[in-house]
Amino acid sequence: MPVYIQSAAQISVQNPLCDDWLTDPVALQAPLQRIREADYRRYLDPIASRRMGKILKRAIATAVTVVEDSGIEQPEAIIVGTGLGCIESTEKFLLAMLREGEALLSPANFINSTHNTISSHIAIHLKCNAYNSTYVHLGISFESALLDAFMQFQLGRIRSALVGAHDEMVPLYFSIMEKAGFWEGKTATETAVSFMLSDTLTERAMAEIREVILLHRPSEERVRQAIEQTSLRLGIPVEKWVIPPTVKPLFGESFTNHAYEVYAAAVKLQRGLLNEHVLLINNYRGMETSLIFLSKC
């Protein structure tokens, strides 16, 4: 069953909820650069917004944007990938425990600190009672969510899905990881990307997802074989798949930053800025490798 990216939206270090990064990119400021926030008043009631962390506001804003752009008001699945979840709310809750001696704690930060809070808030906001799942696998969290959606399509269980990648980076956690050498030579950022997928080819479709593959500790030979076997099955010669330049210099790095690679590739395919077939490869710390095959609609 074909799977098409009908719409995509991002909030990032670039100008939010638009594609200005193509012509007027914002320069990154190493080593840590947080997201440029959107105007959330259009998407959220101000009173409700005050009780939400930034990551939840971003998730709802991008989700509502792809719903409006795609015309699919009720997706049949909401699937989110996150490496760290609502870490800012978690930090606030733990610091309050230390400060208040485990007494008189506000429940809001505790309620909003769990990883599946993101997908749950999206579902509540959209009034969607369909399949809802969250994947927390650090550097392949987004790919795991995308693979789940892709498999649900192939099994004929759904005809539409809202897939997102959301992460935030607080200065305290950044400093701990920096001391461990994790961010050496990188610009740490955050993630807020949503996609609306469906099995119907429409005029607004951005790209077709041909295959999603996850490999655990693969050798170079195993990766090569996976690409060759997939190319053969899809009837597209291996040499036709183009690996585009990474967009990390534009969007920075986080546990789910590969969502920006898919987002940017879909935008460029739709605008004719990339060749017809694109292969996106993510190798997370030599342990997990993802292969995402996209084609122009």
*May I ask you to verify whether Thr256 is closer than 19 Å to Tyr135 by Cα and assigned to a strand (DSSP E or B)?*
no
Within the range 207-264, the count of residues that are small (Gly, Ala, Ser) and under 17 Å from the mean Cα position of the chain (by Cα) comes to 5
Restricting the range 17-33 to residues that are in contact (Cβ under 8 Å) with a residue 40 or more places away in the chain and in contact with a strand residue (DSSP E or B) (Cβ under 9 Å, 6 or more places away or on another chain), the one farthest from Tyr173 (Cα to Cα) turns out to be Asp19
Over the range 159-190, the set of residues touching a strand residue (DSSP E or B) at 6+ places or on another chain (Cβ under 9 Å) and among the charged types (D, E, K, R) is Arg159, Asp167, Glu168, Glu178, Lys186, Glu190
Those strands (runs of 3 or more DSSP E) completely within the range 115-223 that have 1 or more residues that are touching a His at 6+ places or on another chain (Cβ under 7 Å) and either modelled with pLDDT of 95 or more or among the aliphatic types (A, V, I, L, M) (or both) are 131-135, 191-198
The residue from Arg41, Arg58 that alone is among the basic types (Lys, Arg), within 23 Å of Asn257 (Cβ to Cβ) and either modelled with pLDDT under 95 or buried (at least 21 other Cβ atoms within 10 Å of the Cβ) (or both) is Arg58
Apart from one, (1) exposed (fewer than 15 other Cβ atoms within 10 Å of the Cβ); (2) part of a loop (DSSP other than H, G, I, E, B); (3) of a type in the set (A, V, I, L, M, F, W, C) all hold for Leu274; the odd one out is (1)
(Q) With the structure loaded, tell me whether Gly156 is loosely packed, with under 15 Cβ neighbours inside 10 Å, touching a residue at least 40 places away in the same chain (Cβ under 8 Å) and not polar (S, T, N, Q) or whether it fails that test. (A) yes
Of the residues in the range 1-23, those that are of a type outside the set (A, V, I, L, M, F, W, C) and within 14 Å of the chain's Cα centre (by Cα) come to Ser7, Gln10, Ser12
Reported set for the range 75-113 where residues are among the small types (Gly, Ala, Ser) and on the phi < 0 side of the Ramachandran plot is Ala77, Gly81, Gly83, Ser89, Ala96, Ala103, Ser106, Ala108, Ser113
Looking across the range 83-98 at residues that are surrounded by fewer than 23 Cβ atoms within 10 Å (Cβ to Cβ) and not charged (D, E, K, R), the single one that is nearest to His137 (Cα to Cα) is Ile87
Of the residues in the range 224-247, those that are touching a Phe, Trp or Tyr at 6+ places or on another chain (Cβ under 8 Å) and assigned to a helix (DSSP H, G or I) number 4
Note on the range 283-297: residues of a type outside the set (Val, Ile, Thr), in contact (Cβ under 8 Å) with a residue 40 or more places away in the chain and part of a strand (DSSP E or B) are Tyr284, Glu288, Ser290, Leu291, Phe293, Leu294, Ser295
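The values are calculated or read from the model by the stated rules, or taken from the named source; none is laboratory data. Just so you know, these numbers come straight off a predicted model, no measurement behind them. All Cβ positions, glycine included, derive from the backbone under ideal geometry; neighbour counts span all protein chains shown.
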